[in-house]
Structures are given as structure tokens and as C-alpha cells.
1. Considering only residues of the range 84-128 that are among the acidic types (Asp, Glu) and surrounded by 18 or more Cβ atoms within 10 Å (Cβ to Cβ), which is nearest to residue 52 (Cα to Cα)?
2. Looking only at the range 96-123, filter to residues that are in a strand (DSSP E or B) and in contact with a His (Cβ under 9 Å, 6 or more places away or on another chain); which one of those is nearest to the ligand (Cβ to nearest atom)?
3. When the residues of the range 129-182 are narrowed to those that are among the β-branched types (Val, Ile, Thr) and surrounded by 13 or more Cβ atoms within 10 Å (Cβ to Cβ), which ends up modelled with the lowest pLDDT?
4. Of the numbered conditions (1) open to solvent by less than 30 Å² (accessible area, probe 1.4 Å); (2) in contact with a helix residue (DSSP H, G or I) (Cβ under 9 Å, 6 or more places away or on another chain), residue 23 satisfies every one except a single condition; which is it?
5. Go through the range 1-80 and tell me which strands (runs of 3 or more DSSP E), entirely inside it, have 3 or more residues that are modelled with pLDDT under 90 and not acidic (Asp, Glu).
6. If you take the residues in the range 40-55 that are in contact (Cβ under 8 Å) with a residue 40 or more places away in the chain and either open to solvent by 50 Å² or more (accessible area, probe 1.4 Å) or farther than 16 Å from residue 79 by Cα (or both), which one is nearest to the chain's Cα centre (by Cα)?
Amino acid sequence: MSDATLQQDLPAYRVERSSVHGNGVFAQRDIAPGERIVEYAGREITWDEAQVRAEEQGGPHNHTFFFSLANGNVIDGGDHGNEARFINHSCEPNCEAIEEEDGRIFIYALHDIKRDEELSYSYPLIYEGRHTPAIKRAFACRCGAPNCTGTMLAPKPRKRKPRPAPASLVDSVPAAAVVQSPQPVAAG
Ligand SMILES: [Zn+2]
């Protein structure tokens, strides 16, 4: 059996401790550009239910794993989810998340990924509460990219635009926070 054949038999990724944040997901073998790596699995719940769950988690340092869908619902990666929920944010990602027509989310390689590289995607996290110093600390980005913005938080939008797929990943939802609410957001 050739090395190439052996490599194809390996799962594309593994989970281990990351220097960026908590657990991370790493390439177990070389991954080709455009390759579909893993589904972002989890139970689809309503936004209202997601807010209840976020409050139950108790604060910004307790991670929940919400991923908003075009239909206004949310995938909770912490409920029947898989390893995809451990993929970290990076300001210079090597993956992207795409919502398919049927409302399922898959992680694709943006470009060539070498074995042992950490997988990442960019998920500007929309947090509608005040961006206090504590909140900024809680969502600091340590991706190490030369163009790192230092934060996972998206700038506060002036007004909502329709969200095209891919939807933003919402990791780490503070209690009682309204994160990417389907309701209109007050301007200013
Ligand atoms: Zn960064």
C-alpha cells in the first residue's frame, strides 16, 4: 500500500488542545482546497430557545456553540454536535462554513491545508450588548495572524442587512446577550 493510500484512509481531522483557545481541530492529513471536511452538527432550535440556553450556560466564559441559519433558527453544536464545534476563530482562516440549501452547515477548506495545521474559520461574533472591557477580554482573539484584529467581535452594525449564507458562527454567548437577533436592531 502506498503512502498516499494510507493517507486517504485517515480521518481528515482530530481534536486536541490548541494554543489559540481551549480545544482546537487539526488536520490529520493534507487537505485539498474546496474539500468538505466536516458537518457542523447539532440540534436545530429556535432563536428564543437559544437565548434560554445561553442564559442557562451562565456567562461569557461558558461556551455555547450556536450557529445561526438563514431561516432564523440556530444550530446548537453543544446538543448532539460533533468535533466541528471545537474549530477556532482566526482572522486569517483556512476554512469556511457554508450553509447548504437544506439548512445543514459544512466546513470547507479555503485552500491547501497541511497535516497538523489547525483548522479555523472567521466568525465575526455579533454581540448586541455593550462592548465593555470585560466583554472585549472575553472575546479577545489570539489567532496570531499578522492581520489579527485582536477581537472576535464584529463591529456593531448600524443597521441589519439580510444575511447571506454562510451564516456567522456564534461561539461563547454571554448570559442574556442578544447575539445576532432576528429582530431588528436599534440603530445608534
Ligand atoms: Zn485574530
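1. First, pick out the residues of the range 84-128 that are among the acidic types (Asp, Glu): 92, 96, 99-102, 112, 116-118, 128.
Now restrict to residues that are surrounded by 18 or more Cβ atoms within 10 Å (Cβ to Cβ): 99, 118.
Working: 99: 24, 118: 32 Å.
Step by step, filter the range 84-128, then rank; the result is 99.
2. The first filter runs over the range 96-123 and keeps only residues in a strand (DSSP E or B), leaving 96-99, 105-109, 113, 118, 120-121.
Remaining after also requiring in contact with a His (Cβ under 9 Å, 6 or more places away or on another chain): 120-121.
Numbers: 120: 9, 121: 12 Å.
Ranking the candidates gives 120 first.
3. Start the filter on the range 129-182 by keeping residues that are among the β-branched types (Val, Ile, Thr), which leaves 132, 135, 149, 151, 170, 173, 178-179.
From what is left, the residues that are surrounded by 13 or more Cβ atoms within 10 Å (Cβ to Cβ) are 135, 149, 151, 170, 173, 178-179.
On the way: 135: 81, 149: 90, 151: 88, 170: 44, 173: 39, 178: 35, 179: 41.
That would be 178.
4. Looking at each condition in turn, residue 23 falls short on (1).
5. Numbers: elements: 13-17, 23-27, 36-40, 43-45, 65-68, 74-76.
Result: 65-68.
6. Going residue by residue through the range 40-55, those that are in contact (Cβ under 8 Å) with a residue 40 or more places away in the chain are 40-42, 44, 47, 50-51, 54-55.
Then drop every residue that is not either open to solvent by 50 Å² or more (accessible area, probe 1.4 Å) or farther than 16 Å from residue 79 by Cα (or both), which leaves 44, 55.
On the way: 44: 15, 55: 19 Å.
Here the answer is 44.
The values are calculated or read from the model by the stated rules, or taken from the named source; none is laboratory data. Quick caveat, the model's predicted, so the values are computed rather than measured. For neighbour counting, all protein chains shown are included, and Cβ atoms are generated from backbone atoms with ideal geometry for every residue, glycine included. We work out accessible area using only protein heavy atoms, side chains counted, and drop any ligands, DNA or RNA first. Shrake-Rupley method; radii C 1.70, N 1.55, O 1.52, S 1.80 Å.
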